[in-house]
Each structure stands twice: as C-alpha cells, then as structure tokens.
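Data block below; observations after.
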Number of protein chains: 2
Amino acid sequence: MREMRVGPTGFHDVRETNLGVVLRAVRTHAPCSRAAVAAATGLNKTTVSSLVADLIARGLLRETGESDERRVGRPGVMLALDDLTIAAIGVEVNVDYLSVVAVDLLERDLVTRHVTFDARSAGPDASAARIATAVHEVVADPALRRRSVIGLSVAVPGLVDSPAGVVTRAPNLAWRGTPLRSLLKELMGADGPATMPILVDNDANLGAVAEYRGGHLARTGDLVYITGEVGIGAGVLMNGELLRGSAGFAGEIGHVRMVEDGPACGCGRRGCLEALAGIEAILRTALPDRFPAGDLARADLGDLVMTAVERATAEDAAAVDALHTAGAWLGRGAAMLVNLVNPAAVVLGGYFVPLAPWLLPSCRPALRELAFAPDAGGCVVETSVLGLTAAARGGAVAMVDAMESGRLPLPPPRDGGAFAADEGAS
Amino acid sequence: MREMRVGPTGFHDVRETNLGVVLRAVRTHAPCSRAAVAAATGLNKTTVSSLVADLIARGLLRETGESDERRVGRPGVMLALDDLTIAAIGVEVNVDYLSVVAVDLLERDLVTRHVTFDARSAGPDASAARIATAVHEVVADPALRRRSVIGLSVAVPGLVDSPAGVVTRAPNLAWRGTPLRSLLKELMGADGPATMPILVDNDANLGAVAEYRGGHLARTGDLVYITGEVGIGAGVLMNGELLRGSAGFAGEIGHVRMVEDGPACGCGRRGCLEALAGIEAILRTALPDRFPAGDLARADLGDLVMTAVERATAEDAAAVDALHTAGAWLGRGAAMLVNLVNPAAVVLGGYFVPLAPWLLPSCRPALRELAFAPDAGGCVVETSVLGLTAAARGGAVAMVDAMESGRLPLPPPRDGGAFAADEGAS
C-alpha cells in the first residue's frame, strides 16, 4: 500500500512529479493548450500554468505560433516540447565497435556515430578512455551547441550491476568487475561532463527500450530484443517495463545450454546458444577460409558479415548452411522465450539484420514447432530497423524517460548552473 | 499517463477503490484504530469512518474488544479483519487428484480436501461435474456455515485463457478448448453458487501466488514455483506480480526442449523437460518393475511416489539414479530460469517435495554450474511447504486478493442479496 505524506519535503516531490506529468501530457498531445493539459491530467488550470512556466524556464517546453483552431473565441497559445535545449547521449561499447547517439527531447537523432574499436584488446581502462573521448567529441559537435546534456548512458554486452555502475561480467570483452561509471566520472572530470548522470546498463536491455520507444514495433508492451553480435543477449519488456530479475541479470539467453558437449562458449561453458548462433559462431562456419588458425580479427566483424551476405546471396553452400543452422537455433531460443515469458514479438537486432534473409526461413518454423502454445502464443519474429545504433539510442532515450518520470533531476532554469554543452567541451 | 475523471460514475469507482485501500491497511496494521488507518492511507478521518462503517456492514471488518494502550486519553476502538463472514474456494484438478481449499478473509484454511480422481479418464464434462460436486460439498461444510462465498477458482495443469475461462490445452488431461467456466456455471446453476465469480487459471501460476502469500518464502517478490506432477509448469512472479505474457501462456518450462531425440512428451514433442523430469518420467525409471507394459495407472501416482521414496531410502540403485538424473535436469531448468528471468528463489512443489532429498543434491550443483550469473544470480532452490494443496490454496487466496484490489466486487451489506453458503447448499 502506498502511503501518502504531505509536507514541506513532500511538496517538492509532488511538484517534481507534476512537472513530469505535464511534460508527458504535452509529449502525448502536442500541440496542445494549457487547458488541454489541465483536462488530460486532472490538474487545475492555475497549477498547470505555473508548471508550464517552470518547464519553459527549464527549456523543456515552448509556446508555438500555432493556435487551437477548434477553439471558440480568442485563440489559445499552444504548447510543444522544446527540442532545442537539451540532449541525452547514449554509447554502446561492443566487441568490435563503439556506437554513439545523441537525441533531443523529441528523441530524434542529433548525432549518430559508429566507430570501429576492439574493446577486448584495449581492456577496460583504455576502453573507458575511448568512450570518454567519444562523449567529448559528441558534446563538442555543432548539433549540440547551446544544449544541456541531461545524462549519458553506456550499454555493455554482459552482466551489469546497473545501480552500482559496475560491469559484473562481460566475457566477450574479457571484463569482470569493471567499475565503468567511476572510471568515466574520473575521465570526464576535467571539463564539465563530470556532473552528468551516468547510467551503465546491459546492451540488450537498452536495445529493447529503443525498440519499444521508436522501432517499427514501437509500443508493443511484451517484446524481446535479441542482440546479434559475438554475444547474444535478450532485453525482455513485459507491459512496457524491463524485466530485470532480482539481481538485474535477466535476459542472458545467450548462455542457456542448448546441447550437451556443444561448441565452446566465451563464458567457459559448452553448448550455449551464442556458441551455436552468435555472429562469431556463424562466421566461423559460413566463412571457413577466413579462419585458418581459428582466430578472429574482431575489428573486422562488420566486413566479415558483409562477406557472408555476399556469399549467401551467391548461394555459397557453406554460408547458406551455416545461416540455416543458426536460424534454427535462434528459433529454438525464441521458442524457449515463448514458453517461459510469452512475448508478442521477438526482434532480432545487430548483425542478425543483414543476415535475416537466410536466418528467418529456418528460425520461424523452429519457433512454431517448438513453442508449446498454439501459433507460438501469437509471437512474431521480426528484424530491427534500428541497426547497430539500437542500444546506444535506447540508452539516450532511457535518459529522457528517466528525466520525465522523475528518476533523473530536471535541468535547472536556463540561467542556472547546468552543464551546458557549448561551455564544457573545447 | 493516467487520466483522472471525477463524476457520478467515477465517484463510485473511487469509493470502491478506497474500500479496498482501507481493507488492505487493516490487513497490514491490525489491530489498529480508525485514526491509524487515516494516517496510513492519507484519507481523512471522516472518510475513513464512513468507509469502515461500510466494510463492517459488508462483514469484512469488525471492531475488537482491544483498545490502543499507547493512546493518550480515551481508549480508541480497534479494527480487525472479520474472519467469520466470508470464504473463498480454490480447486485444483490434476492428473490424479482434485484438491479443494476454502479460506477465510485472513487466508487461513477453513477446509482442505484431497480427492483421488483420474481427470484424464473422466474427460472434461465428468471432471467439471466432479469439481461442481466437490464445491457443493465444501459449501455445505459446517466450517462455511453463515459465510458468503466471494468466489471460486479452478487451477488446471496447462495453457489457460483465463479471461475467457477456457482451458486452451492441457495435454496431461487430454483437454483442448475446454470451456471450463461455462461448464461449471451451468452445473452450479440450480442452487446458488451459479452467481459466484469463477476464475480458471494455470496451476503453476496459482501455486506461485500461494507461495508468495503464505509459503516459507512469502513476500519474495521474484519467485518461481515449479509444479511437480506428471506435468511440470512454472508460475513466475516478478515484483510480486504474475508474469503472464502477451497471451497469458508464460511459464511453460515443462515443454522447453532440453535434448534432441529425447523421450516422448505428452505434448507430442520429444525431449521436453517434463518428459525427462516430470513425475511420470521419474517413476518409469525409478520403478521399472511397476511399468511392465509401459502403462501408468494415474490414480496410483501418490502411492508410486511413496514407493520411490521407500526404495531411495533403502538405496535402491534404480530409484536413486533416476532421482539423481531428474534432479540434474531440474537444475538445468532452474539455470534456464536464472539466465532468462533471474528469480531470487525457485520453489519445487507437488510430488517433488517428498522426492527432494534425492533431487536437490544434483539439482543445486547443476544450477550453479549452468547459470551465467555468479552464484546463480543469488537464486536458491527450495521445496514448498504447501504440499499438494498449493494451487488450490493459491486460487482461494487469489480471490481474496482480487476482492481487495477491486477486480472482484465486494460482498454487499450482510442483509443484502449475497449468495450465502448456508442457504445455497442443502
């Protein structure tokens, strides 16, 4: 049962909560009048006017030139989200790249960057330094001029203790117990971004957020996003909320044992789904000539995937067979998800997207065959339209959402002391 | 965003909601004064007094003789839940038994019954008739005299379309598309219980509710209950809420394929977890002499389980080996749960409980070995203390919870037209 307390402390919380309520009402209904916000929220008009004034001062709302033409009498001034004053940044560090995305309050891209980077060889410290540099570069980008950066998120392929900001274990990066948030706070201390809230989270979780907020299955509440990298992870959304589990380690579908005595996995076990259907596993079988010594130059993953696509297009037997087999394993993984959590959609992301024409024809039948519920409980398997920036975009969007729902502070009024992008980086 | 509407219709809803709020406040704090309820809920004292009067008239609260001795001045009258006026009934139908439980508002047992019954041989119609008879017998039990029955729930081992009250598929009962709620409504029409709300749900889901509300791991929010019958199902609670998935078919861990070309499963596939570690699979291997023709007399399951316990106790090799192997499969299933949803606890129920001394020594190491998260993400495997009545009790308790949270109507004032147990059955 929720207890209600009203008092000096409580009042501040109520006002912060109501600022978020008004912000979300304008997001849903814009352009809209103050009266429409009052009607939609149940707050009275005087309160709404005061909250709107506050949000305008903070650079989150603006008045538009448009008026409500349906209105009888004097035209009302309309409100919209102010898409010029804030930015949120998301970074994904994966086996072979860094991806960086900055979005505005409307969750539209301001900057997207894809940088080839071998995080495993670099190690945690150098990787953190590279992330910090990438963030500074984005903050200095002309698209972020005069914007306040409300927060930074970093997506990592592995177990993440998100409240602590620590990467518990990321076998494909060979990181273990890496205090990524602390490392980044130190690195970014000198010139401003140090004050920026930093979220560290699992890449699949943030990919799922990106799909939910802006993919082609947006607003599908029961959705699983599957990363397609060297590792395979699942971000599980139920009723639009991330399923994290008791220690925050849910969604590790890549390390479910699928067969006894299967191929070796990066985690030290055998027969895991990612050892059978992860991108490295696929490429080893699809392009046997490229792995004479069994070694993988990780920074070349993207090129190798394109080679696999070319060969499969040319009906090369090894490539087609490897993808067919991997697709069937992914279908079996999807069936496991349907049996256990019954999502409405499974979205394949990352490098699975260009390979999907050869994966899906075996994936979908395997799902239907192995799911216990008729018609796979209504679950469809689709590919992401968000490409390799899904997790980074999801992280940036998660910061906007955190601000609106009160888990991050709102930026102070514009003449206050917020970190402003055009001052911090130079 | 939640929209607030206030008006004649809305007012009724607000009052119903507040009646539930007060009821839950008293459940948490009883014995407590009206002032304490006002403090705990944020409702004002006049409103609380009116709501309490209403709840007393409906037989849900009572004033106790006790007074608040900490109170300065005139002693206040204390409130408690009225445990004398309502009852909720839960039935579980499984392969070899019917289990029936009635509870009072404090969720204490009024009646518990275990009836040997072969639902598969009986078929859906005769099974529904047997359920209706069992309900009538419980309603007529002296322990329910002068009580209003607020609702009935029926737990079934299989896919249940709970909103429709239809058993979509229960392979171990050989039911498919069985409109159980409609069948029961018709059967109970003649003498009163026809007006009783009827919930049909999956047995594992209701077992999980029972564990959460009253097992030895009560209030463990991220908990999975595993049924131990011929079939294996999982009831998954996350943050104390059942995870149902988009079509309500989540938790079917028994039908995840664990091995290629494994033993045949009741669902028509091969290698499912329940074909490897379900009770029938265990008994076939543990007691090979009892299955000369491969046939199982299902109504004897309980006796056969006791025979397996006796033989394992006497260190019979076949029994011990069968249980050791099944335990390892259950550990692998638990590891899959940890990897995908990361619960704090997995609770083994049903016939797994008496067999646990031989299952757990291989189950727990398999979980630790195969879970990706260190220390299995903090997950423990325990046995249920609720026995074969877990799902029935969970169903009865779910009706109490549904009433308190407004999903079931509150009983009308005591002189109104509620179905009263002592009138309906004779």
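Since every read-out is calculated from the coordinates, none of them should be taken as a lab result. What you see is a predicted model, and the numbers here were worked out from it, not measured in a lab. Quick reminder, even Gly has a Cβ in these numbers, built from the backbone with ideal geometry, and neighbours come from all protein chains shown.
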(message) Quick check on chain A: helices-only [θ] at 222 nm, where DSSP H runs of length 4 and up contribute -39,500 (n - 2.57) each and the sum goes over total residues. Nearest 500, please.
(response) -13000 deg cm²/dmol
(message) Taking loop as defined by DSSP and a crowding limit of 15 other beta carbons within 10 Å, which GluC sites (Glu not before Pro) in the range B:199-282 fit?
(response) B:GLU260
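Cut-off is 10 Å between beta-carbons; in what order do B:CYS265, B:CYS379, A:CYS267 appear when sorted fewest neighbours first?
On the way: B:CYS265 23, B:CYS379 27, A:CYS267 18.
Ordered from fewest to most neighbouring Cβ atoms within 10 Å, B:CYS265, B:CYS379, A:CYS267 come out as A:CYS267, B:CYS265, B:CYS379.
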(request) Excluding residues on the same chain fewer than 8 positions from A:LYS185, give the aspartates and glutamates whose Cα lies under 15 Å from its Cα. (result) A:ASP125
(request) Quickly work out the B:VAL385-to-A:VAL14 label distance, labels modelled 7 Å from Cα along the C-beta direction, and quote it in nm with one decimal. (result) 4.3
(request) Output, in nm with one decimal and in ascending order, the distances from the A:GLU241 label point to the matching label points of the other copies (7 Å from Cα along Cα-to-Cβ). (result) 0.4
(message) Using Cβ contacts closer than 10 Å as the measure, can you line up B:GLU107, A:GLU369 from fewest to most?
(response) A:GLU369, B:GLU107
(request) For the range A:142-184, just run the numbers: alpha carbon Rg, then divide by 2.2 N^0.38 Å, N being how many residues it has. (result) 1.46
(message) Ordered shortest first, which distances in nm separate the 7 Å Cα→C-beta label point of B:ASP316 from those of the other copies?
(response) 5.9
(request) Take the Cα coordinates of the range A:27-165, assign each an equal point scatterer, and use the Debye formula without solvent to give log10 I(q)/I(0) at q = 0.09, 0.18, 0.22 Å⁻¹. (result) -0.42, -0.98, -1.25
(message) I need the inter-copy label distances for A:SER49: point set 7 Å along Cα to C-beta, values in nm with one decimal, smallest first.
(response) 3.8
(message) Considering all alpha-carbon pairs of the range B:216-385, what whole percent are spaced by more than 29 angstrom?
(response) 16
(request) Treating only the Cβ atoms of Lys and Arg (+1) and Asp and Glu (-1) as charged, compute the dipole magnitude of the range B:84-152 about its Cα centre; round to the nearest 20 debye. (result) 240
(request) Scan chain A for the residue whose Cβ is closest to the axis carrying it onto chain B, then write down that distance in whole angstrom. (result) A:LEU340, 3
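One quarter of the convex hull surface, Cα atoms only: what value does that give for the protein assembly as shown in nm²?
That works out to 41.6 nm².
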(request) Tell me the Kirkwood hydrodynamic radius of the range A:307-405 in angstroms, computed as one over the mean inverse distance between distinct C-alpha pairs. (result) 14.7
(request) Assuming R0 = 35 Å, can you tell me the calculated FRET efficiency for the pair B:ASP375 and B:THR64, based on Cβ-Cβ distance, to the nearest 0.05? (result) 0.15
(request) Rounding to the nearest 20 debye, state how big the charge dipole of the protein assembly as shown is about its Cα centre with +1 on each Lys and Arg Cβ and -1 on each Asp and Glu Cβ. (result) 2080
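What is the mean projected area of the alpha carbon convex hull for chain B, to one decimal in square nanometres?
24.0
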